[in-house]
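The values are calculated or read from the model by the stated rules, or taken from the named source; none is laboratory data. All values derive from a computational prediction rather than experimental measurement. No Cβ is skipped: glycine too gets one built from the backbone with ideal geometry, and neighbour counts run over all protein chains shown.
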Amino acid sequence: MTVGILCSLQDCPVAADGQCLEGFGDPRECPNSSELAAGEDSSVDDEADEDEFGVDLAGGDTSIDEALESAPSDSAWISLGGDRALTPEEADLVARNAPCRLVLVAGEFESGKTTLVVELYAQFLRGPFAGATFGGSHTLRALDARHHPARVESGEPVPVTDRTGEEDMRLVHLRIQREARVHNLLFSDVRGEFFENIIDGAAVSAEVPLAGRANVCLLLIDGAGVANVLHRQSMISRAQLLIAGLTEPGGLRDGTPVMILLTKGDLLSADVKAWASSHMDSLSELAARRHLVPRALIVAARPLDSAQFGLEEVLDGVLPAPPDRLARVVEVQPGDRQFWIQPEVVP
């Protein structure tokens, strides 16, 4: 028999009043929650010798990874990370040590998925961005390798991004801190062919099983295709099919925020932007009918002859909304839940 719920999200009030921060009617369905067995104490030990980020300084058994996840985001605590994106099993190890938000980056081949994530990371190479500071990454070298072709020292005549080379599901990790809150973000790095298969009718649960565990979805539409008068209507139609496919059983959960992003906005004339905006509104209406929470935006992550725009709004969209009330602090409990698999609900 259980007597309560614990949540790994620091600001979640579920232990205090039963309200789930992620919006689940039954908190046990939330992937960040765990049930408290009878006799266990859910309170935080006020006498424990902990620093301000919750690292147990007295226990002596905190792993290096746990310390990195909990430490201040200054240069002394930045992890070099691996040179390959994480498999779901490797990402699970990261998620066990700290709460993570899974960001599904969806879109067809050459829609700009990898470029968007890489350019978000690149903003922190220049310093704080959008009120946030960089706090390390378990895939730092993988991110840097993806960004290298866009830098002058790569020798490329124009900035480019190598296409995703992995055949299976991969994720990259980014840790940032904003307004005294630490956020661990896991961005999917999935080849466009998987999403094209969903557009063509394949089951989302088979093609992109990560979709069912996503906290937020970035759905990208190739602006270069929309700029072409012969292709633009097809691009919108295929985006409609992708939204429908992603919301089939095993896909995005009801209430999932989705940002519908028209990429390469620097290639679009004012007339094309006006045409695209009206059609993106229709895509938002479709997403809302499919029980998602949509927002449409035109972005330019890596323009050649103009300034970037839209990245700050994208970062705002992938981060959780600030809590609107004080919540009881619940101690983070590492567990064995695989974050990308729907947990069973205990009757």
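Of the helices (runs of 4 or more DSSP H) lying entirely inside the range 193-283, those containing at least 1 residues that are of a type in the set (S, T, N, Q) span 204-207, 232-246. The residue list Arg253, Arg213 contains one member that is basic (Lys, Arg) and without any contact (Cβ under 8 Å) to a residue 60 or more places away in the chain, which is Arg253. Every condition in (1) of a type in the set (Phe, Trp, Tyr); (2) at pLDDT below 95; (3) closer than 18 Å to Ser111 by Cβ holds for Phe134 except the one numbered (3).
Which of the residues spanning the range 268-292 are touching a Gly at 6+ places or on another chain (Cβ under 9 Å), of a type outside the set (Val, Ile, Thr) and buried (at least 18 other Cβ atoms within 10 Å of the Cβ)? Correct list: Leu268, Ala276, Leu292. Using the structure shown, decide if Ile176 is within 15 Å of Arg101 (Cα to Cα), touching a residue at least 12 places away in the same chain (Cβ under 8 Å) and not in a helix (DSSP H, G or I). Answer is yes for this residue. Restricting attention to the range 182-210 and to residues that are under 19 Å from Leu283 (Cα atoms) and of a type in the set (D, E, K, R), the residue that is surrounded by the most Cβ atoms within 10 Å (Cβ to Cβ) turns out to be Glu196.
Any residue at all in the range 211-218 that's surrounded by fewer than 17 Cβ atoms within 10 Å (Cβ to Cβ), within 30 Å of Pro322 (Cα to Cα) and modelled with pLDDT under 95? No, the conditions are met nowhere in the range 211-218. Within the range 262-284, can one find any residue that is of a type outside the set (Phe, Trp, Tyr), in contact with an Asp or Glu (Cβ under 9 Å, 6 or more places away or on another chain) and over 14 Å from Ala224 (Cα atoms)? No, the range 262-284 contains no residue that is of a type outside the set (Phe, Trp, Tyr), in contact with an Asp or Glu (Cβ under 9 Å, 6 or more places away or on another chain) and over 14 Å from Ala224 (Cα atoms).
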